[in-house]
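The values are calculated or read from the model by the stated rules, or taken from the named source; none is laboratory data. All values derive from a computational prediction rather than experimental measurement. Methodologically, a virtual Cβ is constructed for each residue, glycine included, from the backbone with ideal geometry; neighbour enumeration extends over all protein chains shown.
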Ligand code: GLN
């Protein structure tokens, strides 16, 4: 029988609930349990696919083409869980399904209400994850902070589900903040008491408190928290700030957090430790032998979360090369030909990530040109590939004013154009080319040398493509196609021959990189960047 861990958050947002859930998954996985996850997002959008990165941060894409919350990225990076559209639910998705059933007449004349119909729909979604791939443990992260009106139906649903499952089959972990008040030089427990009080008001008594704190929490204070919040003393876990997110599972393990959870759930674990993670990931992060600086040229760089998976994948590429990667975030709107030399000073590699819309495009094109001319390793991802193609068309093939029809529908040279299948698409939600598709790699390319495979599978999220009418012109001038869809219709990778490392891909390799198994293209991009003097 699948057991459940429900994780809620209190006091403030941004405590790192996603990393906590991923780390809990990791420490349980090494003890021999198959884990899966559900992220519950209380907003009314059906999925984050239509949201602006300023609102939401990165949209993480799964193999089955779901546009999901970026926490699913943490879950997949930390564990072996394979996630799908079932692993992220939102208020919008739940209501959409309930209203569709109501219109079909499925409720047989009943009044459709939040309790039981919405809560039943939530519970069914949580149970479906257990049914589909039979994990031993499902970790359910409830987004938002306890006390928010919009997360109430989710909290009620997990309360009911725990009741149904029984006490040894489900537990609640509450992630809370124990702030340090500098002027008083004291750590305060009151916000945690209030937050747990709020949970108990709606019938949820957490078993475990995970206390985020910038200072160590004394035994005395732990006792106080335990007493006021009605939890066992050993269930007050201190989660102190760490430098790297990859240290979190190690801290949990050190505190025997896995034992505590497994005791509550009456599960007998296998022996297992995090030696590999300690040595191959955290050890290298702490004491790397080399270092390099990678410029990421995007329009959402002031936002920490907009390129989350890319930043992580760069770190992984560093780990694979025993190197620290310093990420230099460059606002694409500020990249003018006149200032680029200064902006790129000391940079060893340039990456242009994905994106939508014209703002910042010319700056990205300038960055590509600089990388191409100066022979700096270049990695283009999705829109980054499309800008690389536009730059090559304009500056090497002599196709003046070449562009993507996304930015200029009247361009004389539409080197990037709308995918055939997109031509009749009218609505925006979940209609891009999404999810995993195979591609063949050409021999004697950087891509083939990186993957060491003839056939790969990568995740996509786009509406536009390389226009093959120009393929011959590009090849004549030295840009080759290194990866192509099996029916040969879609160009998935381009490379420049006369360049140390210039690879641009239509897909999103960053979604499949892990700290202990870097994506081959990120690994090789960093390797090439390290070679630059
Ligand atoms: N805007 C481009 C397209 O739709 C690129 C998308 C992306 O970078 N994810 O094709």
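Within the stretch 329-339, being surrounded by fewer than 20 Cβ atoms within 10 Å (Cβ to Cβ) and either under 30 Å from residue 290 (Cα atoms) or at pLDDT 95 or above (or both) holds for 329, 331, 334, 339.
Among the residues of the stretch 226-257, those identified as part of a helix (DSSP H, G or I), within 20 Å of residue 206 (Cβ to Cβ) and within 24 Å of the chain's Cα centre (by Cα) are 248, 251, 252.
Within the stretch 454-480, residues that are within 17 Å of residue 413 (Cβ to Cβ) sit with their Cβ atoms under 6 Å from residues that are within 16 Å of the ligand (Cβ to nearest atom) and part of a loop (DSSP other than H, G, I, E, B), at 6+ positions apart or across chains, in these pairs: 464/406; 465/419; 465/490.
Those residues that are within 19 Å of residue 498 (Cα to Cα) and either within 16 Å of the ligand (Cβ to nearest atom) or crowded, with 22+ Cβ neighbours inside 10 Å (or both), I need them from the stretch 373-383; list them, please.
Correct list: 376, 377, 378, 379, 380.
Taking the numbered list (1) within 14 Å of the ligand (Cβ to nearest atom); (2) surrounded by fewer than 21 Cβ atoms within 10 Å (Cβ to Cβ); (3) at negative phi in turn, residue 435 passes all entries but (3).
Against the definition (within 25 Å of residue 26 (Cα to Cα) and surrounded by fewer than 20 Cβ atoms within 10 Å (Cβ to Cβ)), how does residue 184 come out, yes or no? It would help to see each step written out before you state the result.
Details: within 25 Å of residue 26 (Cα to Cα): no; surrounded by fewer than 20 Cβ atoms within 10 Å (Cβ to Cβ): yes.
No: the conditions fail for residue 184.
Across the stretch 454-481, the number of residues qualifying as away from the ligand (no atom under 16 Å from the Cβ) and under 25 Å from the mean Cα position of the chain (by Cα) comes to 3.
Out of 520, 515, 509, report the one residue that is closer than 26 Å to residue 319 by Cα, within 16 Å of the ligand (Cβ to nearest atom) and crowded, with 17+ Cβ neighbours inside 10 Å. Step through it out loud before you land on a result.
Values: 520 fails: within 16 Å of the ligand (Cβ to nearest atom); 515 fails: within 16 Å of the ligand (Cβ to nearest atom).
The conditions single out 509.
Among residues that are free of Cβ contacts under 8 Å to residues at least 60 places away in the same chain and exposed (fewer than 13 other Cβ atoms within 10 Å of the Cβ), residue 119 is not included.
Within the stretch 400-413, identify whether any single residue is under 25 Å from residue 512 (Cα atoms) and either touching a strand residue (DSSP E or B) at 6+ places or on another chain (Cβ under 9 Å) or more than 15 Å from the ligand (Cβ to nearest atom) (or both), and answer yes or no.
We begin by selecting, within the stretch 400-413, every residue under 25 Å from residue 512 (Cα atoms); these are none.
Looking through the stretch 400-413, none of the residues is under 25 Å from residue 512 (Cα atoms) and either touching a strand residue (DSSP E or B) at 6+ places or on another chain (Cβ under 9 Å) or more than 15 Å from the ligand (Cβ to nearest atom) (or both).
Take the conditions farther than 21 Å from residue 25 by Cβ and touching a strand residue (DSSP E or B) at 6+ places or on another chain (Cβ under 8 Å) and apply them to residue 145. Does it pass? Taking the combined requirement at face value, the residue satisfies it.
Restricting attention to the stretch 244-254, report how many residues are surrounded by fewer than 16 Cβ atoms within 10 Å (Cβ to Cβ) and free of Cβ contacts under 8 Å to residues at least 40 places away in the same chain.
Within the stretch 244-254, the subset surrounded by fewer than 16 Cβ atoms within 10 Å (Cβ to Cβ) is 244, 254.
Adding the requirement that they be free of Cβ contacts under 8 Å to residues at least 40 places away in the same chain leaves 254.
Within the stretch 244-254, residues that are surrounded by fewer than 16 Cβ atoms within 10 Å (Cβ to Cβ) and free of Cβ contacts under 8 Å to residues at least 40 places away in the same chain number 1.
Of all residues assigned to the stretch 273-280, at least one qualifies as being under 20 Å from residue 32 (Cα atoms), in a loop (DSSP other than H, G, I, E, B) and in contact with a helix residue (DSSP H, G or I) (Cβ under 8 Å, 6 or more places away or on another chain).
Would you confirm, using the coordinates I've provided, whether residue 297 is outside any loop (DSSP other than H, G, I, E, B), in contact with a helix residue (DSSP H, G or I) (Cβ under 6 Å, 6 or more places away or on another chain) and farther than 23 Å from residue 247 by Cα? So residue 297 fits the description; yes. Scan the stretch 25-39 and give yes if some residue there is under 14 Å from the mean Cα position of the chain (by Cα) and either modelled with pLDDT under 95 or surrounded by fewer than 24 Cβ atoms within 10 Å (Cβ to Cβ) (or both), otherwise no. No: the stretch 25-39 contains no residue that is under 14 Å from the mean Cα position of the chain (by Cα) and either modelled with pLDDT under 95 or surrounded by fewer than 24 Cβ atoms within 10 Å (Cβ to Cβ) (or both). Among the residues making up the stretch 492-514, a single one is modelled with pLDDT under 95 and more than 11 Å from residue 445 (Cα to Cα): 498. Under the condition of being in contact with a strand residue (DSSP E or B) (Cβ under 6 Å, 6 or more places away or on another chain) and either within 12 Å of the ligand (Cβ to nearest atom) or modelled with pLDDT under 95 (or both), the residues counted in the stretch 347-365 number 4.
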